[in-house]
Amino acid sequence: MMTSDLAQMIPKHCGLRFDQQMNISSLLDISLSFARDAGFEYGSIPSVQEDTVILESGHQPNFFPPYSGVWKKVFLLHQFREMLAENGTHGIALFGFADQNATTASFLYKNQVPALNKKGTQKIGFTVKGLDKWKCFDRIEKPPRPEIWEEEMLRLEHVYSGTPSENLEIIEMMWRSYERADSFSDLNAYIFSRISREILGLDVFFFRYSDIQQNRLFSGECTHILKNLDSYNAVYNTILRNADLDLRPVVTGEIPFWYHCDCGGKASLVMDPFGVCRATCPPSAKKNMNWILVPISVCLIRFLKT
């Protein structure tokens, strides 16, 4: 793709509204906070204007090393932003960590790397057991004992012992990330963002989607959807049919938000004709707990503040 091709793909009439500019400015503040938590700095914070082009991608924070597609995402964000700049277009590249996903995907906490053995791979990483797999990943603690973390770092050093000297810099970066993180999701996000910024030199701003929720960036949009739920679901199903997408259509009363349970899990919501939301949280349900009954007003507050 040439620079001119990318520039021509951007609609000229789709400038950022003032409220969207404010949202992006708030998101950059959130990204600054994330960088401080992770222990790195951005060179400068770009201004947000009506004609600013926002490039965004994201992924769940997988355990090191994330598969190649995740690296492609962050590299292409950097590359596209540079292509826009060469054409005189101001762009901001953003990468979000979906840290509130359920911990059901094993790549969140373990992985495998190439190795000179019979299978050609070496397993690395940790174990998340039982009901914890149904909790949000940002509610899972990092590996609790430094000696367990050190064992995996030594294994990684051995696997990559024949690679260039950047190996030692990455191991040191992983240790610093471990010391700064409390949750497993932050540990993985810190490692990925620091390698991207400090070793690969990618001009991308990182953030956690949980911070967007906690800072209520889209509270207005959430309120609008809840007040027009039937219309929203009808439009969603129409798009699925027209585009022939292999996705399940929503049923009457389904709400496109998660309810965050006190146990650390999350549950999808369905609203009955009386305006009461019902949900079953997998960890709580397996402990023989009853349905969660939530008035729609409380559901909105819980979504925005949790």
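The values are calculated or read from the model by the stated rules, or taken from the named source; none is laboratory data. Computed from a predicted model, the values in this text were never measured in an experiment. When we count neighbours, we look across all protein chains shown, and the Cβ atoms used for this are built from the backbone with ideal geometry, even at glycine.
The conditions are (1) outside any helix (DSSP H, G or I); (2) within 16 Å of I212 (Cα to Cα), and M22 fails exactly one of them. Which is it?
Looking at each condition in turn, M22 falls short on (1).
For the structure I just gave you, tell me whether L156 is hydrophobic (A, V, I, L, M, F, W, C), in contact (Cβ under 8 Å) with a residue 12 or more places away in the chain, in a helix (DSSP H, G or I) and over 25 Å from S25 (Cβ atoms).
yes
Within the stretch 247-264, how many residues are within 16 Å of S231 (Cα to Cα) and charged (D, E, K, R)?
The number of residues fulfilling the criteria is 1.
Y109: buried (at least 18 other Cβ atoms within 10 Å of the Cβ), assigned by TED's automatic domain parsing to the domain that holds A189, of a type in the set (S, T, Y) and under 22 Å from M173 (Cα atoms), yes or no?
Considered against the rule, which asks whether it is buried (at least 18 other Cβ atoms within 10 Å of the Cβ), assigned by TED's automatic domain parsing to the domain that holds A189, of a type in the set (S, T, Y) and under 22 Å from M173 (Cα atoms), Y109 comes out as yes.
Cβ-Cβ under 8 Å, sequence separation 6+ or interchain: first residue in the stretch 259-278 and at negative phi and without any contact (Cβ under 8 Å) to a residue 60 or more places away in the chain, partner surrounded by fewer than 15 Cβ atoms within 10 Å (Cβ to Cβ) and among the aromatic types (F, W, Y). Which pairs?
R278/W291
Of the residues Q100, Q122, Q79, which single one is in contact with a helix residue (DSSP H, G or I) (Cβ under 9 Å, 6 or more places away or on another chain), among the polar types (S, T, N, Q) and modelled with pLDDT of 90 or more?
Unique residue meeting the criteria: Q100.
Please work out which one of (1) touching a strand residue (DSSP E or B) at 6+ places or on another chain (Cβ under 9 Å); (2) at pLDDT 85 or above is the condition W149 fails and give its number.
Condition not satisfied by W149: (1).
Determine if the stretch 244-266 includes at least one residue that is at pLDDT 85 or above, among the acidic types (D, E) and either in the same structural domain as R139 (by TED's automatic domain parsing) or farther than 22 Å from W134 by Cα (or both).
yes
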